[in-house]
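*Asks:* Dropping a structure here in structure tokens format, bear with me for questions.
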Amino acid sequence: MAQGTVQVTHTGTSRWRRRTGEYASLAAALEAAADGDVLTVAPGTYRENLVVQRAVTLRGPEGSPGSVRIAPADGVPLTVRASAVVQDLHVEGQDAAAPALLVEEGTPELRDVRIVTRSASGIEVRSGARPTVRRCTVDNPAGIGIAVLDGGGGLFEECEIVAAGQSGVAVRGGARPRLERCRVHHASGA
């Protein structure tokens, strides 16, 4: 499946900055978007390293779970640095030294995201980030499932780590996550 288009819907009332339209890449759509905008991603494989720096909604099409793949050749596939909503995406990491999904700032909400990787960690939360992570699945037979580090936190609900080559969940450096109704299996670490 080739890369598709991204529909950006401007939810504000201002006529001065009209952003509604289709973009050929996710990076271009994220650059054009402003807080409150909704980015609906067409099915396809996107070979981009994405950084979400605004409070937008980034989602796959309704009723098509797994049809949007974020799968760059290296680096962090998806970094979130804002109180955004990310839902219905499939993230694939290839870089053994980088997390597949990195949350560095804000209080984003991640829903129904599937992470398949062979990297350092599936989901990594750092610093003061406090995400709400619901119904996400991590498959990382090479590294950590979920890592919450350096004062990070957040709420993880109904998440599943189906494989982890190290710890299913790692908490370090004063981090304080809350896990509710999560399942961890096939983890090699303690």
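Here, each number is a calculation from the coordinates, and none is a lab measurement. As the structure is a prediction and not an experimental result, all values here were calculated from the model. Methodologically, a virtual Cβ is constructed for each residue, glycine included, from the backbone with ideal geometry; neighbour enumeration extends over all protein chains shown.
*Asks:* Give the residue from 98, 70, 83 lying farthest towards the positive end of the charge dipole for the chain; charges sit on Cβ (+1 for Lys and Arg, -1 for Asp and Glu) and the dipole is referred to the Cα centre.
*Replies:* Farthest along the dipole direction, towards plus: 83.
*Asks:* Work from the charge dipole of the chain (Cβ charges, +1 for Lys and Arg, -1 for Asp and Glu, about the Cα centre) and give the residue of 132, 188, 173 farthest towards its positive end.
*Replies:* The Cα lying farthest towards the positive end belongs to 132.
*Asks:* Treating the beta-carbon of each Lys and Arg as +1 and of each Asp and Glu as -1, no other charges, what is the dipole magnitude of the chain about its Cα centre, to the nearest 20 debye?
*Replies:* For this selection, approximately 300 debye.
*Asks:* Return the distance in nm (one decimal) between the two label points of a simple spin-label model at residue 132 and residue 118, each offset 7 Å from Cα along Cα→Cβ.
*Replies:* Going by the 7 Å Cα→Cβ label model, 3.6 nm.
*Asks:* If you keep only loop residues by DSSP, which GluC sites (Glu not before Pro) in the range 36-94 have at most 11 other Cβ atoms within 10 Å of their Cβ?
*Replies:* Sparse-neighbourhood loop GluC sites (Glu not before Pro): 62.
*Asks:* Cα convex hull of the range 38-190: mean projected area in nm², to one decimal?
*Replies:* For the range 38-190, the mean projected area of the Cα convex hull comes to 7.6 nm².
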